[in-house]
1. What angle, in degrees between 0 and 90 and rounded to the nearest 10, separates the Cα long axis of helix 22-35 from the longest principal axis of the Cα atoms of the chain?
2. Expressed as a rounded percentage, what relative contact order does the chain have, with Cα pairs under 8 Å and six or more residues apart?
3. Tell me, what is the per residue accessible area of segment 40-113 in Å², probe radius 1.4 Å?
4. Using only alpha carbon pairs under 8 Å that are at least six residues apart, calculate the relative contact order of segment 317-417 and give it in whole percent.
5. Taking amide H positions as placed in the peptide plane 1.01 Å from N, state which residues far from Val300 in sequence (5 or more) or on other chains have amide H under 5 Å from it.
6. Which of Ser331, Ser179, Ser352 ends up with the largest GNM mean-square fluctuation for the chain, with Cα atoms connected below 10 Å?
7. Under 16 Å from a label point 7 Å along Cα→Cβ of Thr220: give me every residue in segment 346-377 with its amide N that close.
8. For segment 265-333, run through the chymotrypsin sites (Phe, Trp or Tyr not before Pro) and keep only the ones in DSSP coil with at most 13 other Cβ atoms within 10 Å of their Cβ.
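The values are calculated or read from the model by the stated rules, or taken from the named source; none is laboratory data. Every value quoted in this text rests on a predicted model; they were computed, and no experiment measured them. Here Cβ is always computed from backbone atoms with ideal geometry, including for glycine, and neighbour counts include all displayed protein chains. Remember, those area values only see protein heavy atoms, side chains included, never the ligands or the DNA or RNA. Shrake-Rupley method; radii C 1.70, N 1.55, O 1.52, S 1.80 Å.
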Amino acid sequence: MKFKKTYLLYILCLVVLLFNNYELTFVVWSFTALITLRTNFSKQFIYIISCFIAILLISFLTELFFYDRTIFNKVRDVTYLLKPIIGLTLGYNLAKKYGNNTLIYIINCGVFLSIIHLVIILYSILAYKTLSVSEIRHYGGYFNDFEPYVFILLLFSTKFNIAISKQKRFIYLTIVATSILCYLSRTNFIQLIILVLAVKGFFSLTVKSIKIIGFTVLATLIGYTLIYNYNPKRKGSFTDEFLYKVKIIPIEAFKTKINKEDWKDFNDNFRSFENIKTVNQVYYGGTQAIISGKGLGSTVDIGVNMLNNDETRVRYYPFLHNAFSTIFLKSGLLGIIFYLLSIYLIGKKIISTDIQINNLNNLLLGSGIFLIISSWVFMGFYLKLDSKSILIGLLLGYREYLKKQLVNSKEITSTSEINTQP
């Protein structure tokens, strides 16, 4: 495999996320996107990018005509809203440069990141002498959407024509799986289930798929019932802490009434609290705010100073955990429509008889389904320190590369047949 110089930039785009500095991430991603820029984009990719451009444009025009906020707040929002545009374009560009090596490059980067994560976890356990779920996640990271994709590519390596020895595949699977487990992220476990079902083709409407989906839902309900009846403690053992987080999944981001004076209720359901505050504040802004949002620089007044993951206290939130709420705040219902359209376009299949392209179709369909969940609980494409947009851009670009290769090979075959005719 010939090593590409841009591969170093790709690794840098992922490693920079570990520094927990969005400004640095934005600079590195923008620089890499600029030097890898290409002009031959497919129509489907242009439509996807246009959705995010529309969200940014609506936010800009809304602020321009209806509000007047500080330059800092507006520039900050522009950099945040540009993130999926830059990430998707960057991944798409890199896939066209990497060609047939795209998937193996994704795997190598994923294994590298998994090793770094495991080293951080081990150091945290030894240095701070803790097995607390909350503390391990604080030091090692709360989740990683990238590594589950790497796990899926390794697990179904034959479906994606990935040339890798059985021994190396087993070692890589073990490393990545251990790293994913150490995130103790409920979202990652849901992501894995969705992607496995997608790659297996169980989201196509068949009798078999209905049975498999039904069995999965039933098994999930039985498992949740057992956990609920076990009644794990919020501050109990390592196992109890994790199971408690699983127990509150159905209400954590969907609760409609929260007592902010009750610390436990407020902390456990803070995502729902954000959503309630956002909807109320946009609603009281009138019809214009509901349709096109409150524009660039808008914030949600939580009412109290909350300590965030950056160890700073914030009362006015420019971005929420929920991407739908955030887009509703910035660009209203129009923005949400464009965001949902982008997810639909990402999951939309391209017609092909090629098995590998169809497997990528399934993986991207699963990605679209997962994006709905991810956007509800973890900002989707707009999470500051997440590489999901680059990875999906890579998959979209690689699928286009394979499609072009297939067309070229058919043209060559057709030409040779014509030339050999007497």
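1. Relative to the chain, helix 22-35 is tipped by roughly 20 degrees.
2. Numbers: 540 pairs, mean separation 107.6, N = 422.
The normalised contact order for the chain reaches 26 percent.
3. For segment 40-113, the solvent-accessible area averages 40 Å² per residue.
4. Answer for segment 317-417 is 30 percent.
5. Excluding prolines and chain starts, which carry no amide H, the hits are Tyr317.
6. Ser352
7. 366-377
8. Here the chymotrypsin sites (Phe, Trp or Tyr not before Pro) that fit, given the DSSP loop and packing criteria, are Tyr284.
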